[in-house]
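Quick notes on the structure that follows.
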Amino acid sequence: MKRTIAGQRIIVTGASGGIGRAIAENLAAQGARVILAARNLDRLKELETSIRGNGGEAFAVPCDVTKPDDRQRLFAATVEHWGGLDGLINNAGVSAWGHFQTSNEALNRTIFEVNFFAPVELMRLCMPELTKGEQPFVLNVTSMCARRGMPAWPEYSASKFALIGMCEALRGELVRFGTDLITIVPGLTKSELNQHLLRSDGKFTIPFETGMEPAYVAERIVEAIRANRREVVLGGEAKRLIFFNRFVPKLTNWLIARRVKKLYRDSE
Ligand SMILES: NC(=O)c1ccc[n+]([C@@H]2O[C@H](COP(=O)([O-])OP(=O)(O)OC[C@H]3O[C@@H](n4cnc5c(N)ncnc54)[C@H](OP(=O)(O)O)[C@@H]3O)[C@@H](O)[C@H]2O)c1
C-alpha cells in the first residue's frame, strides 16, 4: 500500500524543535495538515506561521504530553479543527546521559512518562478516531538504544525498549482496525537533544555534531509513512550496532565492556 500524504491530518508531538519540527515541515510541504504539539508555544507559533507562509496548513496546540488533560485537549482541538485524524506521530522525547548507580528513581520515572506512558496513552486516546481516518497510521520515534541498550543511557534505553515492545504487540491488534504502526529507530542526530538532557555526566563526550541532519531524518520518516514501512533504522552507526548485536552479540558485549572499563580507568 502506498499512502497519500496530501490532505492527511497528522499530529506531530515534539514539533517545537529538532526532528519533530523537521517532520512537520516536510509533511506540510507534501500537503499534509499538521497539528504541532509541544510545550514551547512561542516556538510552535513561529513554526505555524512559517508553514502557513509557505502555503502549508498547520496549527499549534501547546501540550505537555505527560499530562492527561493536555493530551485530551490536543486530541479534542484536532478533531474540532479538522473533523478527524489520520496520523499520530509520537516524536516527543527526553534523555539522560549518565551511569545507573548515580541516577535516581525520579529521573527514571520522568523519562518513562515522556518516552513511554505519554505515547502509549496518546495512541489509546487517538485510536477510535484514527480508525475512521484515511489510510490511518501511528508512527513512533524510538532510538537505536531501543534495539541495543547502551551504557550511560540506562533509563533512556529501557523507555525506548518498552515503547518498541508495546508497538510490536499493538501492531497485531491494530490490523483489525486497518491502522498501520510504523517504528523509526534513529541513530545520532544533530538536534537539541543534547541541550535537553536531564543529566549529562557520562564519561564519554557524545559527538552529536557528527549526527544526521534532522531534515534528512524527517525525509526518511516521511518516506517510511508513504511506503508504509514496518520498522526503519536510520544512520550508519545504528545499522552497524544492530547488525553486530544480532549476529555477534558476544563480541559486541566485549567491545562495549572494554570501552567502559577504559573510560573509567582513564578518568580515575
Ligand atoms: N537526537 C538524537 O540523536 C536522537 C537519536 C535517536 C532518537 N531520538 C529521538 O528523537 C525524538 C526527537 O528528539 P530530538 O532529537 O529532536 O530532540 P530535541 O531537539 O530535544 O526535541 C525534543 C522535542 O520533544 C519535546 N518534548 C520534550 N518533552 C516534552 C513534553 N513533556 N511534552 C511535549 N513535548 C515534549 C520538546 O519540546 P518542548 O520542550 O517545547 O516541550 C522538543 O520539541 C525523541 O524521541 C528522541 O528520543 C533522537
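The values are calculated or read from the model by the stated rules, or taken from the named source; none is laboratory data. All values reported here derive from a predicted model rather than from experimental measurement. Cβ sites come from the backbone with ideal geometry, for glycine too, and all protein chains shown count toward neighbours.
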Checklist line | Checking Arg258 against (1) closer than 26 Å to Arg124 by Cβ; (2) free of Cβ contacts under 8 Å to residues at least 12 places away in the same chain, the condition it does not meet | finding: (1)
Check: Can you find even one residue in the stretch 65-75 that is under 23 Å from Val217 (Cβ atoms), under 21 Å from the mean Cα position of the chain (by Cα) and not hydrophobic (A, V, I, L, M, F, W, C)?
Finding: no
Check: Could you list, in sequence order, the residues of the stretch 66-124 that are within 25 Å of Gly149 (Cα to Cα), touching a residue at least 40 places away in the same chain (Cβ under 8 Å), of a type in the set (S, T, N, Q) and away from the ligand (no atom under 14 Å from the Cβ)?
Finding: Thr102, Ser103, Asn108
Checklist line | Output for the stretch 37-65, where each listed residue is of a type outside the set (A, V, I, L, M, F, W, C) and within 11 Å of the ligand (Cβ to nearest atom) | finding: Arg39, Asn40, Asp42, Arg43, Pro62, Asp64
Notebook entry, point to check: So which residues in the stretch 85-136 are in a helix (DSSP H, G or I), in contact with a helix residue (DSSP H, G or I) (Cβ under 6 Å, 6 or more places away or on another chain) and polar (S, T, N, Q)?
Noted result: Asn108, Asn115
Next item on the list: Please name all residue pairs, on different chains or six or more residues apart, with Cβ atoms under 9 Å, provided the first residue is in the stretch 175-199 and is part of a loop (DSSP other than H, G, I, E, B) and the second residue is hydroxyl-bearing (Ser, Thr, Tyr) and more than 7 Å from the ligand (Cβ to nearest atom).
Entry: Gly178/Thr131; Thr179/Thr131; Leu188/Thr210; Lys190/Thr210; Asn194/Ser200; Leu198/Thr110; Arg199/Thr102; Arg199/Ser103
Notebook entry, point to check: What is the number of the single condition among (1) in a loop (DSSP other than H, G, I, E, B); (2) over 30 Å from Gly7 (Cβ atoms) that Phe243 does not meet?
Noted result: (1)
Check: Going through the stretch 179-209 one residue at a time, which ones are at pLDDT below 95, more than 8 Å from the ligand (Cβ to nearest atom) and in contact with a Ser or Thr (Cβ under 7 Å, 6 or more places away or on another chain)?
Finding: Lys203
Note to self: It is to be established whether one or more residues within the stretch 100-123 are buried (at least 16 other Cβ atoms within 10 Å of the Cβ), of a type in the set (Phe, Trp, Tyr) and touching a strand residue (DSSP E or B) at 6+ places or on another chain (Cβ under 7 Å).
What the structure shows: no
Notebook entry, point to check: Restricting attention to the stretch 137-164, which residues are of a type outside the set (S, T, N, Q), in contact with a helix residue (DSSP H, G or I) (Cβ under 7 Å, 6 or more places away or on another chain) and outside any helix (DSSP H, G or I)?
Noted result: Phe137, Val138, Leu139, Val141, Arg147, Arg148, Gly149, Met150, Pro151, Trp153
Item checked: Hey, Phe75 outside any strand (DSSP E or B) and among the hydrophobic types (A, V, I, L, M, F, W, C) or not -> yes
